[in-house]
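Novice: Quick one: the structure is below, questions incoming.
The values are calculated or read from the model by the stated rules, or taken from the named source; none is laboratory data. Just so it is clear, the model here is predicted, and its values are computed rather than measured. Methodologically, a virtual Cβ is constructed for each residue, glycine included, from the backbone with ideal geometry; neighbour enumeration extends over all protein chains shown. These accessible areas exclude ligands, DNA and RNA; they are computed on the full protein's heavy atoms, side chains included. Shrake-Rupley method; radii C 1.70, N 1.55, O 1.52, S 1.80 Å.
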Amino acid sequence: MTPSIADTVQELNEALTPTRLAMSPVALVPTMGALHDGHAELLRTARALGDVVVVSIFVNPTQFGEGEDFDRYPRTLDADLARCEKEGVDVVFVPDAAEMYPFGIADGPMIDPGARGAVLEGASRPTHFRGVLTVVTKLLSIVRPSQAVFGEKDYQQLVLIRDLVRTLFLGVGIVGVPIVREADGVALSSRNAYLTEEERRHARALSRALFAGRDAAEAGAAAVMDAARGVLDDVPEADVDYLILTDPELGTPPDEGDARLLVAARVGATRLIDNVALTLGDPAAGAAHPRGAAG
Ligand code: AMP
């Protein structure tokens with residue numbers, strides 16, 4: 001069935017009226033569009049929850065810093081709508097900035113992500129998570145889903161959104177979806193469209209470094225970092241912003257057990273991020289369900 005398309009909050013409320021009257025649960029999948037197979041996995045996850053599926057497509061200006069790629073971010077609405085239809089989405093919410101920011105994007109209340117928003121991505125992009133958490137809060141308020149689905153591709157974002165829900169008692173379940181990758185390991189991303197063929201080859205260094213780190217995890221944190229750093233050192237075209245090992249909550253990694261290895265690097269003019277779950281030390285010490293896995 002063709003999804004309903006809502007450009008305004010009022011149209012969204014109209015589209016969801018039967019759902020709300022029937023008290024059927026809603027699952028929300030927030031996106032910035034340019035949908036790819038990674039997003040499709042989120043849509044399928046939402047569908048499998050058995051809820052009415054709402055997808056938002058909004059290139060959120062407040063999460064882009066000055067000089068970042070807001071203006072050239074890929075916008076492919078027709079193809080996105082076709083994909084939403086194929087994946088059985090019920091409602092697509094496509095607001096503009098005036099709808100989402102009634103006081104304009106430079107004014108109005110914003111959500112402060114706290115200390116965990118200032119590290120990793122936040123260190124390089126100081127206003128990024130403020131924009132992300134603000135728009136996610138707005139979308140949750142507008143759609144009022146019982147569950148919202150996010151990718152582990154943006155792992156720090158997923159952690160901060162769980163913090164947000166807990167801190168503000170938003171009463172929505174947050175479902176994390178593992179990273180969808182190309183056959184050569186590169187994580188799918190709308191920004192991969194910026195890469196030249198040569199840059200695309202260099203981009204493989206990120207996932208190769210993460211996998212090398214994961215493969216060395218039994219020998220401990222230092223071995224993880226050596227292995228990952230070794231791969232990145234061989235590809236100077238991938239200009240590393242950070243390579244950091246944390247615990248699943250982005251804190252200090254444990255000596256043994258579940259951890260996360262996160263990387264950001266610039267390839268040409270494009271900033272790419274990726275991450276992987278790993279178990280340090282004795283593999284039997286890891287929990288069966290690391291944070292961020294679905295559920
Ligand atoms: P974006 O449109 O880039 O803001 O992404 C929307 C959602 O899709 C976020 O929750 C992302 O983490 C998720 N996502 C993007 N790429 C992937 C991927 N390769 N695998 C899994 N989830 C993804």
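Novice: Which numbered condition trips up N13, out of (1) at pLDDT 95 or above; (2) touching a helix residue (DSSP H, G or I) at 6+ places or on another chain (Cβ under 6 Å)?
Specialist: (2)
Novice: Now for a separate question. Here's a check for you: in the stretch 155-179, which residue that is among the polar types (S, T, N, Q) and either closer than 16 Å to E41 by Cα or open to solvent by 20 Å² or more (accessible area, probe 1.4 Å) (or both) is nearest to the ligand (Cβ to nearest atom)?
Specialist: Ranking the candidates gives Q157 first.
Novice: Still on this structure, I have one more. So which residues in the stretch 246-275 are farther than 28 Å from D69 by Cβ and either open to solvent by less than 50 Å² (accessible area, probe 1.4 Å) or touching a Phe, Trp or Tyr at 6+ places or on another chain (Cβ under 8 Å) (or both), if there are any at all?
Specialist: D247, P248, G251, P253, P254, G257, D258, A259
Novice: For the condition open to solvent by 10 Å² or more (accessible area, probe 1.4 Å), in contact with a Phe, Trp or Tyr (Cβ under 9 Å, 6 or more places away or on another chain) and either among the acidic types (D, E) or within 24 Å of V94 (Cα to Cα) (or both), what is the one hit in S141, S190? Explain how you work it out, then say what you get.
Specialist: Values: S141 fails: in contact with a Phe, Trp or Tyr (Cβ under 9 Å, 6 or more places away or on another chain).
Only one candidate qualifies: S190.
Novice: May I pose another question? If you go through the stretch 31-50, how many residues are open to solvent by less than 10 Å² (accessible area, probe 1.4 Å) and assigned to a loop (DSSP other than H, G, I, E, B)?
Specialist: Residues flagged as open to solvent by less than 10 Å² (accessible area, probe 1.4 Å) and assigned to a loop (DSSP other than H, G, I, E, B) within the stretch 31-50 amount to 1.
Novice: Name the one entry in E197, E182 that is within 12 Å of the ligand (Cβ to nearest atom), open to solvent by 30 Å² or more (accessible area, probe 1.4 Å), over 14 Å from A238 (Cβ atoms) and without any contact (Cβ under 8 Å) to a residue 12 or more places away in the chain.
Specialist: The match here is E182.
Novice: Pairs, please: C-beta under 9 Å, at least 6 apart or cross-chain, first residue within 11 Å of V132 (Cα to Cα) and in the stretch 152-164, second within 7 Å of the ligand (Cβ to nearest atom)?
Specialist: What qualifies is Q157/F150; Q157/G151; L158/F150; L158/G151; L158/E152; I161/F150.
A quick yes/no check of all residues on (1) modelled with pLDDT under 95; (2) among the charged types (D, E, K, R); (3) out of contact with any Asp or Glu (no Cβ under 8 Å at 6 or more places or on another chain):
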position: L28; (1), (2), (3): no, no, yes
position: G33; (1), (2), (3): no, no, no
position: E41; (1), (2), (3): no, yes, yes
position: R44; (1), (2), (3): no, yes, no
position: F64; (1), (2), (3): no, no, yes
position: T76; (1), (2), (3): no, no, yes
position: A82; (1), (2), (3): no, no, yes
position: E87; (1), (2), (3): no, yes, yes
position: F129; (1), (2), (3): no, no, no
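Novice: While we're looking at this one, here's another question. How do the pairs read when you match residues in the stretch 65-81 that are open to solvent by less than 60 Å² (accessible area, probe 1.4 Å) with residues anywhere that are charged (D, E, K, R), using Cβ under 6 Å and keeping only pairs 6 or more apart or on different chains?
Specialist: From residues that are open to solvent by less than 60 Å² (accessible area, probe 1.4 Å), the pairs are G65/R125.
Novice: While we're here: Please go through the stretch 177-212 and give me each residue that is of a type in the set (G, A, S) and in a helix (DSSP H, G or I), ordered by number.
Specialist: S190, A193, A203, A205, S207, A209, A212
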